[in-house]
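Since the structure comes first, as structure tokens, the remarks are kept for the end.
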Amino acid sequence: MAVNPSAIEVENMGFHYPGNSEVSFSGLNLKVEKGARFGLFGPNGAGKTTLISLMTGLLTADSGHVKLLGHEMGKQNNNATNRLFGFVPQDFSFYQELSPAENLEFFGAWSGLNKSTIKRRTDELLHILGLEEVRDKQVQKFSGGMKRRVNLAIGVIHNPEILFLDEPTVGVDVQTGHAIINYLLELNKNGTTLVYTSHQLSEAEDLCQQVALIDGGKIIAQDSLRNMLKDHKQESLEHLFLNLTGKDYRN
Amino acid sequence: MFKLWATIVKDVRILLRDIVGISLMFVMPIILVVVVTSIQNSTFNLVNKNKLSILICNSDTGQSSKQLIKSISKIGMFKVSLMPSDKSAQQMADAMHDNDAMLGVIIPPDFSRKVEAKSKSIAGKALTSFGLAGDSSKKVGDVDPLTLYYNPILQESLRLSVQGGIRSALQLVESRETLRSLYFSINEKQLPESLENEMLNNNTAINEIPVSKDGTRATPNATQHNVPAWTIFAMFFVIMSLGGSVVREKVSGSFIRLKTLPTNYLVGIFSKQITYLAVTMLQAAVIFSMGIWLFPFLGLPALNLPSDILALIIVTVVCGWCAVSYSICVGVFADTQEQANGFGAVSIVILAAIGGLMVPSFAMEGFAKTAANFSPMHWALQAYYSLFLEGGKLKDVVNNIIPLFIITVVLQLITFWGLKRKNLI
């Protein structure tokens with residue numbers, strides 16, 4: 001049986017925030033297969049956002065390395081590596097003064113697309129994500145759900161091979177959440193590797209095939225969702241999560 | 001190139017939707033230019049056309065005090081009003097308020113008699129020194145001083161020139177008395193009026209000529225002084241929009257995404273420089289146009305553009321670039337919009353003050369004079385004054401452009417260092 005090549009390889013990675021002696025990660029290893037729908041879960045402060053920041057080059061590892069499709073982050077041409085992935089941060093990462101079309105035009109250019117591709121992708125994405133009618137309206141007047149869809153559209157404008165999603169459906173209604181998850185499944189069908197974090201575990205069960213649980217800067221479990229539930233004799237991801245990370249408050 | 005163009009388009013769109021920012025960059029400086037020029041123009045008119053009103057209370061009954069009042073009227077600076085002779089200081093103050101007078105003078109009792117006595121004594125001494133019979137032994141007391149009351153809103157420079165005018169009138173009265181005494185002592189008859197006038201009123205004229213580099217002799221006015229100065233201030237006022245824009249982008253979520261894209265953030269910084277440099281050029285064009293076409297409708301003197309338009313454009317571009325570089329530098333180091341706006345506003349007022357926009361730098365001394373060299377506004381103002389007031393050409397302002405350019409390059413380097421240090425590029 002042929003082994004899928006890795007989309008993401010994190011090897012023996014160490015990291016601590018400057019000015020903070022506490023180590024965030026030490027000797028961390030993680031592999032995400034190409035074409036996978038990978039979920040990264042953990043309680044607040046577990047290190048999910050830090051790990052995504054390291055994988056997207058927003059932070060630089062102290063030791064070890066992160067490879068995206070064989071390209072080492074920070075070691076090779078950053079522009080070439082940055083073209084490979086898209087990022088949908090938890091915060092609204094666009095210009096609220098601009099319209100969805102204007103945001104896509106700008107971020108498309110910064111993603112390395114030419115004018116005609118930007119126009120084509122803008123039309124496509126605004127149609128798919130139900131934003132056609134408001135394409136020329138300022139985003140600051142939009143509802144939270146509409147802003148989430150704009151946030152997602154910008155992250156995928158350049159058809160990335162890997163898509164990092166940091167809580168892409170937080171604060172949206174059921175309809176919007178459902179539409180976003182369906183669109184992500186569609187992207188994955190077309191070959192995009194998804195790396196997803198969320199606290200909405202029922203939604204994660206629908207989306208993710210592979211999961212990793214992270215706590216205290218360590219990966220405490222990693223496997224397919226089916227195997228993990230079976231091995232730990234749990235009915236749902238939520239029960240598995242509580243079982244492995246405990247019920248205490250996290251600050 | 002497409003990335004840069006797309007970024008410029010983005011920056012222009014955001015700028016055009018920032019009504020407050022546009023108001024701060026265009027409307028406020030325009031109001032400032034009109035108000036300051038109007039005020040300075042009315043001060044100019046007050047001194048040169050309308051005349052300062054002065055109340056004179058003459059407690060003396062002799063001829064010298066009458067001559068003094070006549071001489072003060074002849075100076076041309078004052079509109080003289082006479083008051084009844086027995087006024088106290090408080091009554092004079094009240095009268096000044098009631099009559100809207102800026103100045104008041106009380107001529108003391110016995111003024112004429114004492115001036116006459118003093119003149120006779122001086123004439124006696126003069127005759128003795130000529131070897132003629134004269135009485136030089138007689139001691140006379142000093143003439144009691146005139147008391148000058150003034151409204152505190154009068155600036156010191158204006159007050160000094162008022163004092164100088166009254167002193168010269170007083171001098172004339174005393175000289176006339178001395179001359180009459182001398183003449184009478186020698187000739188034992190009155191000094192003929194024609195000779196007296198020839199000796200005292202036949203002053204050598206003073207011609208005032210503005211020295212320009214191009215040989216033209218246009219008289220500077222409030223517009224020529226103020227429009228260039230406050231245009232520079234307006235250009236530096238872009239900090240209120242640009243500084244905040246850099247901070248807003250830096251602290252907003254959009255910057256996180258920008259950092260993950262295959263484009264260096266320097267493209268973003270370069271775009272802001274181009275966009276806001278265009279804004280500063282537009283500001284200068286709007287303010288100069290107002291000076292040329294709108295000011296005459298407001299009763300203000302029209303602005304005359306310098307003859308060397310290329311030099312004007314070069315100075316304006318370098319000044320605008322410096323203003324933009326300063327704003328971006330502040331934006332890179334500030335952590336919040338409040339910091340950028342607060343520091344930005346205060347710092348440009350300080351730079352304007354030490355740069356000579358508020359007090360002429362030639363009037364500064366010591367530390368202030370040295371500090372002026374570090375203000376980009378000082379070099380820009382010197383260049384503008386050379387072009388607008390002295391008729392200078394490009395070669396005359398190169399010495400001002402070079403320091404301005406050096407300050408700009410230093411600001412760019414500091415910005416680059418700040419971007420690196422803050423891990424923004």
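What is the number of the single condition among (1) assigned to a helix (DSSP H, G or I); (2) small (G, A, S); (3) closer than 25 Å to B:A285 by Cα that B:G391 does not meet?
All conditions pass for B:G391, except number (1).
Among the residues that make up the range B:387-404, is at least one of them of a type in the set (G, A, S), assigned by TED's automatic domain parsing to the domain that holds B:D335 and under 17 Å from the mean Cα position of the chain (by Cα)?
No - not one qualifying residue is present in the range B:387-404.
Residues B:S119, B:S112: which one is at pLDDT 85 or above and either outside the structural domain of B:V173 (by TED's automatic domain parsing) or crowded, with 18+ Cβ neighbours inside 10 Å (or both)?
B:S112
With among the small types (G, A, S), farther than 20 Å from B:N151 by Cβ and away from chain A (no Cβ under 14 Å) as the only criterion, which of B:S85, B:S81 stands out?
Sole residue among the options that is among the small types (G, A, S), farther than 20 Å from B:N151 by Cβ and away from chain A (no Cβ under 14 Å): B:S85.
Could you name every one of the helices (runs of 4 or more DSSP H) located completely within the range B:1-46 that has at least 2 residues being open to solvent by 60 Å² or more (accessible area, probe 1.4 Å) and away from chain A (no Cβ under 14 Å)?
B:28-45
Filter the range B:241-280 for residues that are away from chain A (no Cβ under 13 Å) and in contact with a Gly (Cβ under 6 Å, 6 or more places away or on another chain); which is nearest to B:G344 (Cα to Cα)?
B:G243
Among the residues of the range A:68-89, write down those that are open to solvent by 40 Å² or more (accessible area, probe 1.4 Å), within 7 Å of chain B (Cβ to nearest Cβ) and modelled with pLDDT of 85 or more.
Across the range A:68-89, the qualifying residue is only A:R83.
Among the candidates B:L160, B:L179, B:L200, single out the residue that is closer than 30 Å to B:I106 by Cβ, away from every other protein chain (no Cβ under 14 Å), modelled with pLDDT under 80 and surrounded by fewer than 20 Cβ atoms within 10 Å (Cβ to Cβ).
B:L200
Tell me yes or no: at least one residue of the range A:36-52 is under 14 Å from the mean Cα position of the chain (by Cα), outside any helix (DSSP H, G or I) and surrounded by fewer than 17 Cβ atoms within 10 Å (Cβ to Cβ).
No, every residue in the range A:36-52 fails to be under 14 Å from the mean Cα position of the chain (by Cα), outside any helix (DSSP H, G or I) and surrounded by fewer than 17 Cβ atoms within 10 Å (Cβ to Cβ).
Out of A:F92, A:F107, report the one residue that is in contact (Cβ under 8 Å) with a residue 12 or more places away in the chain, part of a loop (DSSP other than H, G, I, E, B) and at the interface with chain B (Cβ under 9 Å from one of its Cβ atoms).
A:F92
May I ask you to say which residue of B:I287, B:I314 is in the same structural domain as B:M240 (by TED's automatic domain parsing), in contact (Cβ under 8 Å) with a residue 60 or more places away in the chain and either surrounded by fewer than 22 Cβ atoms within 10 Å (Cβ to Cβ) or touching a Pro at 6+ places or on another chain (Cβ under 6 Å) (or both)?
B:I314
Of the conditions (1) closer than 27 Å to A:R120 by Cα; (2) in contact (Cβ under 8 Å) with a residue 40 or more places away in the chain, A:T81 fails just one. Which one is it?
(2)
Being in contact (Cβ under 8 Å) with a residue 12 or more places away in the chain and more than 27 Å from A:H199 (Cα to Cα) narrows it down to one residue among A:P5, A:P18; which is it?
Matching residue, one of A:P5, A:P18: A:P5.
Only one of B:L242, B:L258, B:L277 is open to solvent by 10 Å² or more (accessible area, probe 1.4 Å) and touching a Phe, Trp or Tyr at 6+ places or on another chain (Cβ under 8 Å). Can you tell me which?
Going through B:L242, B:L258, B:L277 in turn, just one is open to solvent by 10 Å² or more (accessible area, probe 1.4 Å) and touching a Phe, Trp or Tyr at 6+ places or on another chain (Cβ under 8 Å): B:L277.
Contact list please: Cβ distance under 8 Å, first residue in the range B:185-196 and touching a residue at least 40 places away in the same chain (Cβ under 8 Å), second residue open to solvent by less than 70 Å² (accessible area, probe 1.4 Å), pairs at least six apart or on different chains.
B:S185/B:A123; B:S185/B:G124; B:S185/B:L127; B:S185/B:G134; B:I186/B:L127
Out of all the residues in the range B:68-87, which are open to solvent by 50 Å² or more (accessible area, probe 1.4 Å) and assigned to a loop (DSSP other than H, G, I, E, B)?
Matches in the range B:68-87: B:I75, B:P84, B:S85, B:D86, B:K87.
Check off (1) more than 12 Å from chain B (Cβ to nearest Cβ); (2) closer than 21 Å to B:F255 by Cβ; (3) open to solvent by 30 Å² or more (accessible area, probe 1.4 Å) for A:E124 and give me the number that stays unchecked.
(2)
Quick check, is B:T336 hydroxyl-bearing (S, T, Y), more than 29 Å from the chain's Cα centre (by Cα) and open to solvent by 40 Å² or more (accessible area, probe 1.4 Å)?
For B:T336, the condition - hydroxyl-bearing (S, T, Y), more than 29 Å from the chain's Cα centre (by Cα) and open to solvent by 40 Å² or more (accessible area, probe 1.4 Å) - is met.
List the residue pairs whose Cβ atoms are under 7 Å apart, where the first residue sits in the range B:373-400 and is within 14 Å of B:F233 (Cα to Cα), the second is among the hydroxyl-bearing types (S, T, Y) and modelled with pLDDT under 90, and the two are 6 or more positions apart or on different chains.
Taking only residues 6 or more apart or on different chains, the pairs are B:H378/B:S361.
Looking at A:N20, A:N29, which is the one that is farther than 20 Å from A:N188 by Cβ, open to solvent by 60 Å² or more (accessible area, probe 1.4 Å), more than 14 Å from chain B (Cβ to nearest Cβ) and in contact with a strand residue (DSSP E or B) (Cβ under 9 Å, 6 or more places away or on another chain)?
Every option except A:N29 fails the conditions.
Does B:A101 fit the bill of being part of a loop (DSSP other than H, G, I, E, B), under 39 Å from the mean Cα position of the chain (by Cα) and closer than 22 Å to B:G165 by Cβ?
Against the criterion (part of a loop (DSSP other than H, G, I, E, B), under 39 Å from the mean Cα position of the chain (by Cα) and closer than 22 Å to B:G165 by Cβ), B:A101 qualifies.
If you go through the range A:144-168 one residue at a time, how many are of a type in the set (G, A, S) and either within 22 Å of A:E105 (Cβ to Cβ) or assigned to a strand (DSSP E or B) (or both)?
2
Name every residue in the range A:50-66 that is touching a helix residue (DSSP H, G or I) at 6+ places or on another chain (Cβ under 8 Å) and more than 10 Å from every other protein chain (Cβ to nearest Cβ), in order of residue number.
Hits for the range A:50-66 are A:A61, A:V66.
Within the range B:317-329, can one find any residue that is open to solvent by 40 Å² or more (accessible area, probe 1.4 Å), of a type outside the set (A, V, I, L, M, F, W, C) and touching a residue at least 60 places away in the same chain (Cβ under 8 Å)?
No, there is no match, as no residue in the range B:317-329 is open to solvent by 40 Å² or more (accessible area, probe 1.4 Å), of a type outside the set (A, V, I, L, M, F, W, C) and touching a residue at least 60 places away in the same chain (Cβ under 8 Å).
The values are calculated or read from the model by the stated rules, or taken from the named source; none is laboratory data. Predicted, not measured: the structure shown is a model, and the values here were computed from it. Please note: Cβ atoms are built from the backbone with ideal geometry, for glycine as well, and neighbour counts cover all protein chains shown. Side chains are part of the model used for accessible areas, which takes the heavy atoms of the whole protein and leaves out ligands, DNA and RNA. Shrake-Rupley method; radii C 1.70, N 1.55, O 1.52, S 1.80 Å.
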